[in-house]
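The values are calculated or read from the model by the stated rules, or taken from the named source; none is laboratory data. Small disclaimer: the values here were computed from a predicted structure and weren't measured. Glycine gets a Cβ as well: all are built from the backbone with ideal geometry, and neighbour counts include every protein chain shown.
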Amino acid sequence: MSATTLLPFDAPGTTSEIEEGTSFQPRFDANGLIACIAVDARDGRVLMLAHMNAESLARTLATGECWYWSRSRGELWHKGATSGQIQRVVEMRTDCDQDALLVTVEVGGDGGCCHTGRRACFYRAVERDPEGGRARLRALEA
């Protein structure tokens, strides 16, 4: 996407416009990213957290399928392009100050989302040690 390409959303305006207006004005962080939580449309389960930049958000809006920015690879990532686990957007929401996104998705393929092969990336619970020791992880169902 070139610098001259028009994005399908507005630049952030005033606090009032962001919090109360009808204009979509995503607020990207200093790295040009916005956090995006994906939730399964079937049962509301949180599947994953990823990040979008302006281009991946624009592609998501244009195609109806989730595109993300891979921070580890430094490139656009069409979720499911290689695994078949395409995420079709059912609904996209933004939070009150438009610096986070929530997408409700239908997942293709085997319905998984995590690169580990699990349905969701959140497959462990963090438990604190009542004795004041180090926190531990407890495996949850896949």
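For every residue, the table says whether it meets (1) touching a helix residue (DSSP H, G or I) at 6+ places or on another chain (Cβ under 9 Å); (2) under 24 Å from Gly108 (Cβ atoms).
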position: Pro8; (1), (2): yes, yes
position: Ser16; (1), (2): no, no
position: Gly32; (1), (2): yes, no
position: His51; (1), (2): no, yes
position: Leu57; (1), (2): no, yes
position: Glu65; (1), (2): yes, yes
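Test Glu106 against the criterion of being surrounded by fewer than 11 Cβ atoms within 10 Å (Cβ to Cβ), over 12 Å from the mean Cα position of the chain (by Cα) and over 25 Å from Thr22 (Cβ atoms), and give yes or no.
Values: surrounded by fewer than 11 Cβ atoms within 10 Å (Cβ to Cβ): no; over 12 Å from the mean Cα position of the chain (by Cα): yes; over 25 Å from Thr22 (Cβ atoms): yes.
No: the conditions fail for Glu106.
Residues are listed down the side, and each one gets a yes or a no for (1) closer than 14 Å to Ala100 by Cβ; (2) assigned to a strand (DSSP E or B); (3) of a type in the set (Val, Ile, Thr); (4) out of contact with any strand residue (DSSP E or B) (no Cβ under 9 Å at 6 or more places or on another chain):
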{"position": "Phe24", "(1), (2), (3), (4)": "yes, no, no, no"}
{"position": "Asp29", "(1), (2), (3), (4)": "yes, no, no, no"}
{"position": "Val39", "(1), (2), (3), (4)": "yes, yes, yes, no"}
{"position": "Leu49", "(1), (2), (3), (4)": "yes, yes, no, no"}
{"position": "Trp69", "(1), (2), (3), (4)": "no, yes, no, no"}
{"position": "Trp77", "(1), (2), (3), (4)": "no, yes, no, no"}
{"position": "Ser83", "(1), (2), (3), (4)": "no, no, no, yes"}
{"position": "Arg88", "(1), (2), (3), (4)": "no, yes, no, no"}
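Inspect all residues belonging to the range 8-21 and state whether any of them is charged (D, E, K, R), surrounded by fewer than 13 Cβ atoms within 10 Å (Cβ to Cβ) and more than 30 Å from Gly117 (Cβ to Cβ). There is at least one residue in the range 8-21 that is charged (D, E, K, R), surrounded by fewer than 13 Cβ atoms within 10 Å (Cβ to Cβ) and more than 30 Å from Gly117 (Cβ to Cβ).
Restricting attention to the range 84-114, which residues are in contact with a Cys (Cβ under 9 Å, 6 or more places away or on another chain) and among the small types (Gly, Ala, Ser)? So that I can check it myself, show each step before the final result.
To start, the set of residues in the range 84-114 that are in contact with a Cys (Cβ under 9 Å, 6 or more places away or on another chain) comprises 85-89, 92, 100-103, 105, 107, 113-114.
Matches in the range 84-114: Ala100 only.
Every test in (1) surrounded by fewer than 10 Cβ atoms within 10 Å (Cβ to Cβ); (2) not in a loop (DSSP other than H, G, I, E, B) is passed by Arg134 save one, and that test is (2). The sole residue among Cys96, Cys66, Cys36 that is exposed (fewer than 12 other Cβ atoms within 10 Å of the Cβ), under 29 Å from Thr14 (Cα atoms) and at pLDDT 95 or above is Cys96.
From the list Arg119, Arg136, which residue is of a type in the set (D, E, K, R), touching an Asp or Glu at 6+ places or on another chain (Cβ under 7 Å) and over 30 Å from Glu20 (Cβ atoms)? Spell out how you get there, then give the answer.
Details: Arg119 fails: touching an Asp or Glu at 6+ places or on another chain (Cβ under 7 Å).
Every option except Arg136 fails the conditions.
Kindly establish whether Thr5 is over 29 Å from Gln85 (Cα atoms), among the hydroxyl-bearing types (Ser, Thr, Tyr) and at pLDDT below 95.
On the way: over 29 Å from Gln85 (Cα atoms): no; among the hydroxyl-bearing types (Ser, Thr, Tyr): yes; at pLDDT below 95: yes.
The answer is no for Thr5.
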